[in-house]
Amino acid sequence: MKPPKPHVPTDINRRRLLRQGAALGIGILAAPAILSAGRSNWHGRDPFTLGVAAGAPAPDGFTLWTRLAPDPLSADPHTPGGMSGGNTGLRYEIAADPQLRRIVRRGDCLSESQFSHSVHLDVRGLAPGRSYWYRFISAGSASRIGRAMTLPAPGQTPQRLRLGFVSCANYEQGYFSAYRHLADEDPDLVIFLGDYLYEYIDRKSATVRRHSDGVEADSLPTYRNRYAQYRMDADLQRLHAEVPALMTWDDHEVENDYADKWSPRFIDPRQFLRRRAAAYQAYYEHMPVRALSRPRGASMRLYDEFRFGDLAQILLLDGRQYRSKPACYAPPNRGGAHAQTNVECPERLDPSRSLLGARQEQWVFERLQRSSSGWNVLAQDVMMAQWQRVLADGERAYWSDDWNGYPANRERLLRFIQAQRVANPVVIGGDIHSYWCNDLKADFNDPSSATVATEFVGTSVSAHPPPRETFARHLAENPHVRYFESQMRGYATLEMDAGNLHARFRAVSDAKDPLASVSTLKSFVVENGRAGAVET
Ligand code: FE
Ligand code: CA
């Protein structure tokens with residue numbers, strides 16, 4: 001890695017100011033002149049009930065999001081969010097400071113009726129490597145103020161990068177204290193690694209609150225209302241406003257354990273693709289993703305790259321849309337994930353199988369090959385490390401829904417990383433509702449083989465965990481696992497500088513307590529040039 005370049009000024013003090021201002025309720029006092037300019041036609045209702053969000057940072061801009069929803073959980077599918085009629089104009093302001101005193105851009109934008117009156121504003125022409133603050137204004141109503149960021153310019157290297165990553169937030173099974181505490185940490189950005197919401201209704205376990213519609217989301221109106229309900233959560237809404245986000249998904253944004261067009265429950269893939277199209281559209285409608293991601297039917301491009309000068313590159317991957325058919329797929333009973341031995345299902349080992357799909361796989365190889373970044377982060381949905389259970393008869397069983405269902409793809413990727421000497425590869429994931437720190441090996445069946453990359457898997461924000469013993473009793477059969485814990489809910493943070501990467505597993509005291517506290521469960525360091533994390 002190259003030596004650190006002169007420090008790019010961070011705006012951490014301004015960000016603190018914004019949070020203090022928000023805590024005192026003074027944020028909204030900024031620039032009141034605009035508010036009095038137009039008479040409200042919202043009849044006392046707030047059109048910004050779902051908040052604001054920023055994402056998709058580029059060196060000269062970002063995407064800003066909001067959705068007009070004066071009646072966010074409208075039960076009438078013809079008036080999503082209580083909105084009727086065509087595209088609606090609104091105004092936006094972007095400023096260099098949290099109080100919006102130094103406006104650098106203001107203008108008009110559109111909420112698109114075709115996308116439930118959401119706004120995806122791709123802003124360009126701004127300065128690199130800094131924060132901006134923004135809000136939307138519509139007919140006398142102003143949104144809360146949010147923070148966005150631009151990436152450093154090529155050749156401009158930040159001294160450090162601080163990010164949080166989160167996954168698996170089940171609204172019914174717990175509160176989102178993890179989001180609140182992550183916002184308190186004021187990271188540069190947050191990466192959502194999937195299971196942002198759960199489509200099903202939990203009828204089996206102890207819940208703390210209910211999806212208000214009481215139905216499984218399976219259509220555009222029901223997916224929309226699920227997103228709206230999540231976004232009305234104060235902790236999630238605050239995290240999106242205060243921290244720019246990189247977004248990818250896992251399965252529950254559509255349906256449990258799906259892979260491309262193959263669903264555990266739909267025998268006809270065309271039927272499932274109709275559902276996937278609705279789910280992808282609702283995802284787009286609620287996320288700060290750029291125009292590149294506009295859905296086309298059941299397709300939506302999410303994977304993307306984000307460079308922080310020579311310090312770090314984040315490859316944000318899509319682990320669901322392009323998967324090969326699940327090995328030994330046989331819906332409806334054996335359609336989704338299941339444990340398989342090589343005797344039961346030799347197909348799992350087929351070298352043509354891919355979790356990323358051929359095109360995305362090639363894209364990853366190209367990005368890794370030409371990377372000049374000191375840290376190369378692969379941000380995706382599911383655990384990559386091998387996980388095997390030795391059964392009573394000596395056979396080994398593998399779970400088919402994560403990378404263990406696609407071992408040939410995993411081997412291609414890790415061999416490529418090793419052969420190309422990719423600098424400091426770090427894989428982050430979620431899905432498994434437990435914390436893991438793993439060595440990613442050149443050959444998982446040979447513990448003495450090289451550790452090629454480092455993996456951190458974050459626990460769920462609130463979704464219930466698997467029983468600890470399910471995994472704990474097989475740890476000895478997987479010596480590349482350095483740490484495992486399933487009993488705590490929370491999030492993880494990464495802090496990178498030229499010399500080290502620090503990872504922290506942050507656990508909330510009780511996801512069923514809306515006022516839960518947070519503490520560090522474990523922390524690790526990865527040294528520049530040496531794959532594999534060391535507990536600190
Ligand atoms: Fe999950
Ligand atoms: Ca999942």
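One table, with the values for the structure above:
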| read-out | value |
| --- | --- |
| Candidate set: the stretch 386-426, residues that are within 16 Å of ligand 2 (Cβ to nearest atom) and buried (at least 21 other Cβ atoms within 10 Å of the Cβ); chosen: the one nearest to R482 (Cα to Cα) | W387 |
| Residue among R348, R353, R323, R421 that is of a type in the set (D, E, K, R), under 17 Å from T454 (Cα atoms) and in the same structural domain as N528 (by TED's automatic domain parsing) | R421 |
| Filtered residue count, the stretch 168-200, keeping only those that are more than 17 Å from the chain's Cα centre (by Cα) and within 15 Å of ligand 1 (Cβ to nearest atom) | 4 |
| From the options A516, A507, A531, residue that is within 17 Å of F165 (Cβ to Cβ) and buried (at least 18 other Cβ atoms within 10 Å of the Cβ) | A507 |
| Options R238, R226; residue that is within 16 Å of ligand 1 (Cβ to nearest atom), among the basic types (K, R) and either open to solvent by less than 10 Å² (accessible area, probe 1.4 Å) or assigned to a helix (DSSP H, G or I) (or both) | R226 |
| Residue satisfying condition, being surrounded by fewer than 24 Cβ atoms within 10 Å (Cβ to Cβ), in the same structural domain as L311 (by TED's automatic domain parsing) and within 30 Å of V518 (Cβ to Cβ), within set D439, D446 | D439 |
| Number of positions in the stretch 303-325 that are more than 14 Å from A58 (Cα to Cα) and open to solvent by 10 Å² or more (accessible area, probe 1.4 Å) | 5 |
| Members of the stretch 347-382 that are free of Cβ contacts under 8 Å to residues at least 40 places away in the same chain and open to solvent by 80 Å² or more (accessible area, probe 1.4 Å) | A358, R359, Q362, E366, R370 |
| The stretch 55-82: number of residues that are among the aliphatic types (A, V, I, L, M), out of contact with any Ser or Thr (no Cβ under 7 Å at 6 or more places or on another chain) and either crowded, with 21+ Cβ neighbours inside 10 Å or assigned by TED's automatic domain parsing to the domain that holds D188 (or both) | 1 |
| Per-region count, the stretch 131-172, residues within 16 Å of ligand 2 (Cβ to nearest atom) and crowded, with 23+ Cβ neighbours inside 10 Å | 7 |
| Yes/no for Q340 being polar (S, T, N, Q), under 22 Å from the mean Cα position of the chain (by Cα) and more than 16 Å from ligand 1 (Cβ to nearest atom) | no |
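The values are calculated or read from the model by the stated rules, or taken from the named source; none is laboratory data. Fair warning: this is a prediction, and the values are worked out from it, not measured in the lab. All Cβ positions, even for glycine, are placed from backbone atoms using ideal geometry, and neighbour counts span all protein chains on display. Ligands, DNA and RNA are stripped out before the accessible areas are found, and what is left, the full protein with its side chains, is counted by its heavy atoms. Shrake-Rupley method; radii C 1.70, N 1.55, O 1.52, S 1.80 Å.
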